[in-house]
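These notes are about the structure you will find just below.
The values are calculated or read from the model by the stated rules, or taken from the named source; none is laboratory data. This structure is a prediction, so every number in the text was calculated from the model and none was measured. Please note: Cβ atoms are built from the backbone with ideal geometry, for glycine as well, and neighbour counts cover all protein chains shown. Accessible surface areas use protein heavy atoms only, side chains included; no ligands, DNA or RNA. Shrake-Rupley method; radii C 1.70, N 1.55, O 1.52, S 1.80 Å.
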Amino acid sequence: MVPPRASTHHGLPEEHVTHSVAHFYKVLPSDVRYLNGNFGEAFHLRKKRFDKEDIQEGQRALTKVSYLNGWESEKFANGREGELVEEVVKTILSKLRRDLQLDILDHLVGVDDHVNKIRNWVDIPAKHARMIGICGMGGIGKTTLGKVIYNQLSNKFEHRSFLPDI
């Protein structure tokens, strides 16, 4: 659903394009690809409004989009649009939140066991809210451990916050 960064997107430079999500609402990807059916009819009716170069660029973009993995509204949840909208919103928010993850080094050493212990504790069902405190001497990786756990768990919560150095 999210391809690698495109070279351009609506005229934006590559560094400004991070995500694309294909959603085929009441249209088949093949109709988009080959400009068939009602979709193709609508496209061809509007061709006279644009110059040849814009039409060719539009056709290339539609062909490219038609090959993306995406949602087809008629196939998702037996066509129930409400469930489709919820899934689209959930997926987009998840992708956006990944962009807002806390910065940590890529290859941390010795943190996995500590993360797993805390994750196992967090995954146990509880009736009340929990607070996690990480304490110890300065420089041993408490903030880094907190950031790793935050990044792994943050998508499970609608509202979250990371408070370092309190």
**Message:** Spelling out what I want: for every residue of segment 138-150, take phi, set θ = phi - 60°, compute 6.51 cos²θ - 1.76 cosθ + 1.60 (Karplus), and round to whole Hz; glycine and proline get x.
**Reply:** x, x, 9, x, 5, 5, 4, 4, x, 5, 4, 5, 4
**Request:** Rounded to whole Å and sorted largest first, list the principal axis extents of the Cα atoms in the chain.
**Result:** 71, 37, 24
**Item:** segment 93-166: chymotrypsin sites (Phe, Trp or Tyr not before Pro) in DSSP loop, at most 13 other beta carbons within 10 Å
**Value:** F157, F162
**Prompt:** Using a basic spin-label model with each label point 7 Å from the Cα along Cα→Cβ, how many nm lie between D106 and I92?
**Reply:** 3.1
**Message:** Quick check: at a probe of 1.4 Å, how many percent of the accessible area of the chain sits on carbon and sulfur atoms?
**Reply:** 54
**Fill in**
Going through K117/K147; K117/K142; K47/K95; K117/K156; K26/K48 one by one, the pairs whose alpha carbons sit over 23 Å apart turn out to be K47/K95; K26/K48
**Prompt:** Taking the alpha-carbon set of segment 74-166, what are its Rg and Dmax in Å?
**Reply:** 17.0, 57
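So with the 1.4 Å probe, I'd like the accessible area per residue for the chain, rounded to whole Å². Let's see the in-between values first.
Values: 12910 Å² over 166 residues.
Value returned for the chain: 78 Å² of accessible area per residue.
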**Model label zone, K117; criterion: amide N under 17 Å from point 7 Å along Cα-to-beta-carbon; scope segment 145-166** = 145-150
**Fill in**
For F24, the residues 5 or more places away or on another chain with a placed amide H closer than 5 Å to its own amide H are W71, E72, S73
**Prompt:** What number, rounded to the nearest 500 deg cm²/dmol, is the helix-based mean residue ellipticity at 222 nm of the chain, given -39500 (n - 2.57) per DSSP H run of at least four residues and division by all its residues?
**Reply:** -13500 deg cm²/dmol
**Prompt:** For the chain, what is the charge dipole size about the Cα centre, in debye to the nearest 20, if Lys and Arg each add +1 at the Cβ and Asp and Glu each add -1 at the Cβ?
**Reply:** 240
**Simple spin-label estimate for A129 and R160 in nanometres, 7 Å along Cα-Cβ** = 1.6
